[in-house]
1. Could you list, in sequence order, all residues of region A:132-168 that are in contact with a strand residue (DSSP E or B) (Cβ under 6 Å, 6 or more places away or on another chain) and among the hydrophobic types (A, V, I, L, M, F, W, C)?
2. Please list, ordered by residue number, the strands (runs of 3 or more DSSP E) wholly in region A:288-329 having 2 or more residues that are open to solvent by less than 40 Å² (accessible area, probe 1.4 Å).
3. Can you confirm whether region B:300-321 contains a residue that is in contact with a Phe, Trp or Tyr (Cβ under 6 Å, 6 or more places away or on another chain) and at the interface with chain A (Cβ under 9 Å from one of its Cβ atoms)?
4. Do you know which residues across region A:341-357 are over 23 Å from A:ASN17 (Cα atoms) and out of contact with any Lys or Arg (no Cβ under 9 Å at 6 or more places or on another chain)?
5. Could you say whether any residue in region A:242-255 is surrounded by fewer than 18 Cβ atoms within 10 Å (Cβ to Cβ), within 16 Å of the chain's Cα centre (by Cα), more than 14 Å from chain B (Cβ to nearest Cβ) and among the small types (Gly, Ala, Ser)?
6. Considering only region B:24-62, state which residues are in a helix (DSSP H, G or I) and of a type outside the set (Val, Ile, Thr).
7. Out of everything in region B:322-335 that is open to solvent by 10 Å² or more (accessible area, probe 1.4 Å) and without any contact (Cβ under 8 Å) to a residue 40 or more places away in the chain, what residue ends up being farthest from the other protein chains (Cβ to nearest Cβ)?
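The values are calculated or read from the model by the stated rules, or taken from the named source; none is laboratory data. Predicted model, so just to flag it, every value in this text is computed and none were measured. Cβ placement follows ideal geometry from the backbone for every residue including glycine, while neighbour counts extend to all protein chains displayed. Protein only, heavy atoms only, side chains kept; ligands, DNA and RNA dropped before computing areas. Shrake-Rupley method; radii C 1.70, N 1.55, O 1.52, S 1.80 Å.
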Amino acid sequence: MLLAGGQGSRLYTLTKNLAKPALPYGGKYRIIDFPLSNCVNSGIDTVGVLTQYQPLVLNEYIGSGQPWDLDRQDGGVFVLPPYQKSSGSDWYKGTANAIYQNTPFIERYDPEYVLILSGDHVYKMDYARMLEYHKERGADCTIAVLEVSMEEASRFGIMNCEPDGRVYEFEEKPKQPKSNLASMGIYIFTWKKLKEYMEADAKDSGSSNDFGKNIIPNMLAAGEKMYAYSFSGYWKDVGTIDSLWEANMDLLNPYVPLSLYDPAWKIYSRNPVMPPHYTGVNALVQNSMVTEGCVIDGEVDFSVLFAGVIIEEGAEVRDSIIMPGTVIRKGAVVEYSIVAENSVIGEGAKVGSRPEETSDKSKWGIAVIGSHIKVGDGAVIPPKAMVERDVPEQEVLAL
Amino acid sequence: MMDSSAIGIIFSNMHDDYMGELTNHRTMASIPFGGRYRLVDFALSNMVNSGIQEVGVITKSNYQSLMDHLGSGREWDLARKRGGLCLLPPYASAGSTGVYRGRLDALANIIGYIQRSSAKYVVISDCDVVANIDLKKVIRCHAESGAQITLLYSQQAVTADVSHDITLLEMDVNNRVCDVRINPMASGVQNVYMDIAVIEKELLEKIIMDGRSRNQLSFRRDVLVAQKDKINICAYEFDKYIVRINNLNSYYEANMSLLHADIRSELFPPLRPVRTKVRDEVPVKYGLAAKVTNSLLADGCIIEGEVENSILFRGVKVGRGAKIKNCILMQGTVIGDGASMDYVVADKDVTVRDTRTLMGYVTYPLYIAKGSMV
């Protein structure tokens with residue numbers, strides 16, 4: 001069960017019209033490709049995708065599930081929005097409530113175990129191994145955890161464990177963390193147990209119906225067998241502009257352990273129907289990822305270009321992410337920026353700047369241009385800007 | 001409403017003999033082209049983009065790679081309950097004549113497939129032509145002209161050395177075909193038949209049955225040449241970009257022509273996309289010292305060296321300090337560090353070890369066979 005209803009409010013204009021799991025990532029993917037591909041590669045063939053916030057793009061993207069081999073006669077992928085029932089209707093109130101409302105869906109398959117995933121994270125993981133671990137220990141709940149640095153630990157839900165991995169305490173964003181094992185938001189429950197706790201939780205009117213806040217603490221309090229499953233590898237939450245930018249840049253870093261080239265663990269996506277990309281006579285492309293449909297005649301360095309991006313002669317794109325269909329016109333300079341889909345950066349415009357060009361570091365950040373925006377010729381967009389409407393020619397936005 | 005429904009028939013093996021080693025392990029239809037395509041993608045996409053939802057692909061030999069490429073036809077939206085894609089190999093039905101010796105012979109072997117279709121027209125096509133053709137327009141023109149057969153042709157300069165495997169048409173003032181010449185001695189600008197035609201299905205069935213009763217095998221010789229006075233055959237000029245592939249040189253040139261922006265935009269208009277098999281490759285990764293100019297690169301490549309005037313298919317790796325110029329490197333080619341190549345066509349999965357130097361010439365590109373190690 002893949003929770004894909006997240007709004008991602010800290011991504012501002014980038015998630016105005018789409019849910020966080022539908023965010024473009026890595027040149028040809030959307031975030032949700034990672035958990036979906038992980039499922040298929042782990043041998044899971046029945047997946048429910050729970051949507052709520054701006055589901056349109058996600059619905060269209062998932063479609064029949066064919067790109068992930070999830071168009072099955074038996075099982076497959078199902079988009080599960082909240083729906084009206086004879087006794088009233090409810091939005092999904094919390095993560096646990098979303099699963100609880102879909103109890104009838106889950107019971108159709110009469111499962112022994114249920115895997116709960118979040119659609120907001122970039123990582124490669126074999127869920128089959130985690131399930132093996134869960135079964136071996138006869139656990140009621142297994143939570144995937146990642147070692148983070150002690151400084152970062154207070155930003156996460158932290159698991160305090162016995163040496164054998166059994167969890168005795170869960171602390172949500174603790175000020176004084178006792179361990180550095182952070183929950184990755186990946187849970188395996190023995191379905192009968194989960195159902196029991198969800199039913200009790202649904203009756204508690206004071207509950208926020210959330211796994212981290214309610215279900216997990218309640219299970220621990222009752223002494224249920226809960227284990228932490230240690231994951232080591234690349235994992236990234238793309239909840240903010242900075243982390244989305246970093247997660248893309250990580251793909252360009254040979255030392256980051258996220259390989260997309262493993263033939264045994266491909267990340268599948270819905271591929272656009274476009275010709276190979278063309279790199280022109282004036283182009284200089286280095287340390288970058290470029291995908292099909294692009295036409296590049298400018299300079300591109302440390303950047304990720306999505307399908308159908310056009311970089312005209314003399315334009316310079318550095319340390320930036322350019323989403324599908326966007327055009328960077330002649331002589332424009334785009335640095336440390338994220339430009340969303342189908343926008344146009346006019347001739348000679350300047351978007352973002354390098355950190356060393358801004359003396360007051362509090363004023364520096366990644367510049368963001370929303371989708372379908374026209375930045376006029378010669379306009380200047382300062383770092384950290386968030387552009388949500390067209391910018392006229394020659395206009396200089398204030399820092 | 002006018003009934004313009006059509007069924008497509010694609011000949012995958014025609015012209016195989018002219019392609020040398022490129023067709024050693026594959027059909028004409030499955031020759032890789034343009035970084036991520038195979039030649040059949042153009043014929044198939046043209047049909048699908050023109051509303052044809054039922055396509056039979058006639059195969060003869062060597063069709064493993066073609067089957068692998070086409071699969072269920074899903075990428076062309078041809079995995080259908082009604083119509084869709086159908087592979088038509090020889091020996092498929094009782095009374096078949098086995099490996100056929102001409103288009104008419106092949107059609108006779110699949111007469112049942114054609115008869116079962118409820119379409120009004122049949123579009124037949126070979127795979128030697130790279131072009132983006134709106135067949136809807138051709139079918140409409142065919143219906144309006146009252147022709148029984150409409151042949152597509154393009155105007156092309158012909159020289160004696162490329163006049164093999166070519167059919168020339170002459171038309172009268174009413175655009176009716178009055179002369180058909182196969183592989184003639186000819187030069188200058190000629191009307192060259194594209195081996196694509198629209199025919200009334202009923203008439204085609206009759207032609208096939210007639211041909212079978214007379215043991216006729218060739219569509220061009222026994223129908224177009226022999227019956228041009230009996231049947232109303234008209235011509236339709238295709239005046240957009242077209243390239244005909246009939247040997248390694250023209251294959252090389254056709255690929256290289258994709259480096260021109262205007263040709264790419266004629267071949268790959270967004271509203272009439274050329275569809276192909278999806279391989280879920282990662283975007284191309286350009287390394288620290290990569291230097292790529294005037295080249296076409298498909299996804300899955302990893303570039304650490306220099307690439308100029310070249311076409312790189314999916315999953316090609318170019319090592320550090322390697323220099324690739326004027327090359328066509330097919331899927332899975334691996335070029336070692338410091339290797340140097342000029343005018344080379346490397347077939348699939350070729351490995352060129354570090355520091356090797358390979359050079360062909362513009363009029364004689366060096367071909368390296370599939371899976372070779374240099």
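1. Result: A:ALA139, A:CYS141, A:ILE143, A:ALA144, A:VAL145, A:LEU146, A:VAL148, A:PHE156, A:ILE158, A:MET159, A:CYS161, A:VAL167.
2. Numbers: elements: A:288-290, A:299-301, A:316-318.
Ranges flagged: A:288-290.
3. Within region B:300-321, the subset in contact with a Phe, Trp or Tyr (Cβ under 6 Å, 6 or more places away or on another chain) is B:303.
With the extra rule that they be at the interface with chain A (Cβ under 9 Å from one of its Cβ atoms), the set shrinks to B:303.
The answer is yes; a qualifying residue exists.
4. Taking region A:341-357 first, the residues over 23 Å from A:ASN17 (Cα atoms) are A:346-350, A:352-357.
Hits for region A:341-357 are A:LYS350, A:SER353, A:GLU356, A:GLU357.
5. Looking through region A:242-255, at least one residue is surrounded by fewer than 18 Cβ atoms within 10 Å (Cβ to Cβ), within 16 Å of the chain's Cα centre (by Cα), more than 14 Å from chain B (Cβ to nearest Cβ) and among the small types (Gly, Ala, Ser).
6. Kept after step one, since they are in a helix (DSSP H, G or I), are these residues of region B:24-62: B:28-30, B:40-49.
Matches in region B:24-62: B:MET28, B:ALA29, B:SER30, B:ASP41, B:PHE42, B:ALA43, B:LEU44, B:SER45, B:ASN46, B:MET47, B:ASN49.
7. From region B:322-335, those open to solvent by 10 Å² or more (accessible area, probe 1.4 Å) are B:323, B:325-326, B:331-332, B:334; that's our starting set.
In the following step, the residues that additionally are without any contact (Cβ under 8 Å) to a residue 40 or more places away in the chain were identified as B:323, B:325, B:332, B:334.
Values: B:LYS323: 16, B:LYS325: 13, B:GLY332: 11, B:VAL334: 13 Å.
Taking the candidates together, the pick is B:LYS323.
Table: residues versus (1) surrounded by fewer than 16 Cβ atoms within 10 Å (Cβ to Cβ); (2) under 18 Å from B:VAL198 (Cα atoms); (3) among the aliphatic types (A, V, I, L, M); (4) touching a residue at least 12 places away in the same chain (Cβ under 8 Å).
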residue	(1), (2), (3), (4)
B:ASN132	no, yes, no, yes
B:GLN148	no, yes, no, yes
B:SER154	no, yes, no, yes
B:ALA160	yes, no, yes, yes
B:LEU168	no, yes, yes, yes
B:MET171	no, yes, yes, yes
